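For reference, the structure discussed in these notes is given below.
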Amino acid sequence: MQHVSFDEQSIQQARRYCADELFDSEVYRRLAEIEKNDAHRNILLEFSAQEKGHYEFWRSIGGECVDEVKLWKARLFVLMRRLLGLTFTLKFLERHEKSVTESYRGFLGKISDERLRKSLQKIIEDEEIHEKTHMQGINEKFVSYVGFIALGLADAIVEITGVHAGFLGVTSSTLITGIAGLIVGISAAISMASAAYVQSKHELRTNPVTSALYTGLAYIIAVVLLAAPYFVFRSMINAFTISIITGVLMVLGFTFYGSVLQDKGFRREFLETTSLLFATAIATYFIGEVIGGYFGIRGIFG
């Protein structure tokens, strides 16, 4: 034990690092247990062993930290892997690595023992380089199609919300508005799937048929979710509000998912897409009002 070399604050800090590394090791071990791909399983086991080594280092400074680790939380990452994929789960785990590495660098200044300094420098190197190198060995086919799914969802949310907002300016019938959204949405889904097929033919890493299916399916799912409130509520305002909230939640979900996978900023992308959603809704509402008033059909279908 190296307690004599560190003050109480440093020891407590080391215990937190110890618990963090032990938790990561357990997560990787559990992910390896359910992994069917041999190459991926081996990488996860390497991750687990590496993090276990980091845990041993911090334990030598701060003492045992097992009691501080809530290992049941590892089950949440197993569930995340099953629902959202291995690549997303690993990248989500890595999101805090940069701040952890900087914190480790700060701890270097508290270590006078050269052997311990070299050990910590090796750990920092592991965090910065080795895991990212291993990540290149994780190759999930589904990830190649995430862009097509995001395109289908984003286009559907903006376009169908625009359709619903336009009918809000023409009719008070939620049934007609819902049907209009479905008709336009399914037609647009076919169009988007065809465009995805053509685009994928020029990309060697994706299959055109699979790309078209992912895009079309994502589009149709978004259309159905956005249209559903109009078949449940009789009040146009209530139906439109629920539909808008559903759209924003979908934007939130796929934007966050994409930002983790692609290591991009989440906030800007979310704000841009949401702003486009509301701008389209406002514009098409006024267009519907103008057209409905000009042709004298406002309220006829209500």
Order by accessible surface, 1.4 Å probe, largest leading, for residues Val232, Val143 comes to Val232, Val143
Output ordering of 43-53, 107-117, 152-162 (per-residue mean of other Cβ within 10 Å, highest first) is 152-162, 43-53, 107-117
Largest-first ranking of His54, His96 by accessible area, probe 1.4 Å, whole protein assembly kept, is His96, His54
Ordered by number, the trypsin sites (Lys or Arg not before Pro) in the stretch 194-302 that occupy a DSSP loop and have at most 15 other Cβ atoms within 10 Å are Lys201, Arg205, Arg234, Lys264
The relative contact order of the chain, taking Cα pairs under 8 Å that sit 6 or more residues apart, comes to a percentage of 19 percent
For the stretch 25-108, averaging the sequence separation of alpha carbon pairs under 8 Å that lie six or more residues apart and dividing by its residue count, the contact order in percent is 29 percent
In nanometres, the difference between 0.36 nm per residue of separation and the alpha-carbon distance of Lys118 and Ile287 is 54.1 nm
For the chain, the per residue accessible area (1.4 Å probe, Å²) is 53 Å²
Taking protein heavy atoms only, a 1.4 Å probe, and rounding to whole percent, the accessible area of the chain owed to carbon and sulfur comes out at 61 percent
Answer check: the chain, Cα atoms, Kirkwood Rh, Rg/Rh ratio of 1.14
With all protein chains in place and a 1.4 Å probe, Arg15 shows an accessible area in Å² (nearest 10) of 50 Å²
GNM on the chain, Cα springs under 10 Å; top mean-square fluctuation among Leu226, Leu76, Leu252 goes to Leu76
Diffing the stretch 216-229: the Karplus 3J(HN,Hα) column from phi (6.51, -1.76, 1.60, θ = phi - 60°), in whole Hz with x for Gly and Pro, holds x, 5, 4, 4, 5, 4, 5, 4, 5, 5, 6, 7, 3, x
Calculated from DSSP helices alone, with each H run of at least 4 adding -39500 (n - 2.57) and the total divided by the residues of the chain, [θ]222 nm to the nearest 500 comes to -26500 deg cm²/dmol
The ³J(HN,Hα) series, computed from each phi in the stretch 15-22 with the Karplus coefficients 6.51, -1.76 and 1.60 at θ = phi - 60°, rounded to the nearest Hz and given as x for glycine or proline, is 5, 5, 5, 4, 5, 5, 5, 5
Expected vector for the stretch 177-192, Karplus 3J(HN,Hα) from phi with 6.51, -1.76, 1.60 and θ = phi - 60°, integer Hz, x for Gly and Pro, equals 5, x, 5, 4, x, 5, 4, 5, x, 5, 4, 5, 4, 5, 5, 5
With all protein chains in place and a 1.4 Å probe, Val78 shows an accessible area in Å² (nearest 10) of 20 Å²
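The values are calculated or read from the model by the stated rules, or taken from the named source; none is laboratory data. A quick note: this is a predicted structure, and the numbers were derived from the prediction, not measured. With ideal geometry, Cβ positions are generated from the backbone for all residues, glycine too; neighbour counts draw on all protein chains shown. To get the accessible areas, we keep the full protein, side chains included, count just its heavy atoms, and leave off ligands, DNA and RNA. Shrake-Rupley method; radii C 1.70, N 1.55, O 1.52, S 1.80 Å.
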